[in-house]
Amino acid sequence: MNLIIRLIYVLLASMFRSRLNVLDVSVVNFRVLINDLDFNGHMNNGRYLTIMDLGRLDLIFRAGFSKKILTAQWMPIVASSKIRFRRSLGPFQKYQLHSRLLCWDDKWFIVEQRFMVKSRVVAIAFVKALFKDRKGNNIAPEDVLLSVGYVGISPPFSDAVQLWLQAESLIETD
């Protein structure tokens, strides 16, 4: 139930918060709830991924993508993610999720998401995602970006992103 409440919170709040440019950072405030905890008494590693979905939704809505996504019935799809846990989040602890579009190529968007407590990184993740249309066709990132009036090239892929994508390509999927 708390995930539905958090989803509604993020969607409603995004309507009243300032608009973001495509490369701006979305910041959403959360608190660790009892049902976020695992047997060790800290936030469950799977919950991080669920909360990351909410951060990307805030970014999508506040950067202006939502209108085109809804009218064209585009679907955001996550293909993979890599997360590095640095510290624990305990019961009722406040934290922020920082989400930003890091870079893109002709198919994929790479989003960076950081869980922060004050100025300390708790966890950092990369997410590789794309948009599909109703028929299941991929939407080129430049078309997605044009839908909000952004014309520009991708920021450079960092070494960390390049190495992650390279390692990912070595994983067999059969």
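Counting only lysines at least 8 places from Lys118 when in the same chain, those with an alpha carbon closer than 30 Å to its own are Lys82, Lys94, Lys128. In loop segments of region 92-141 as defined by DSSP, the trypsin sites (Lys or Arg not before Pro) with at most 10 further C-beta atoms inside 10 Å of their C-beta are Lys118, Arg134, Lys135.
A Förster radius of 25 Å, combined with the Cβ-Cβ distance separating Ala79 from Glu142, puts the computed FRET efficiency at roughly 0.85. If you run the Gaussian network model on the chain, springs between alpha carbon atoms under 10 Å, then out of Ser147, Ser14, Ser119 the most flexible one is Ser119.
GNM on the chain, alpha-carbon springs under 10 angstrom: the most fluctuating residue among Gly55, Gly64, Gly90 is Gly90. Largest GNM mean-square fluctuation among Asp53, Asp143, Asp159, using the chain with Cα springs under 10 Å: Asp159. Computed per residue of the chain from DSSP H runs no shorter than four, each worth -39500 (n - 2.57), the mean residue ellipticity at 222 nm is -10000 deg cm²/dmol. In the chain, taking the dipole from charged Cβ atoms about the Cα centre, the farthest positive-side position among Gly55, Asn35, Leu130 is held by Asn35. The overall shape of region 28-174 is prolate: from the C-alpha gyration tensor, with semi-axes ordered a ≥ b ≥ c, the ratio a/c is 1.5 or greater and a/b exceeds b/c.
Here, each number is a calculation from the coordinates, and none is a lab measurement. Note that this is a predicted model, so its numbers are computed, not measured. Heads up, the Cβs are rebuilt from the backbone with ideal geometry, glycines too, and the neighbour counts pull from every protein chain shown.
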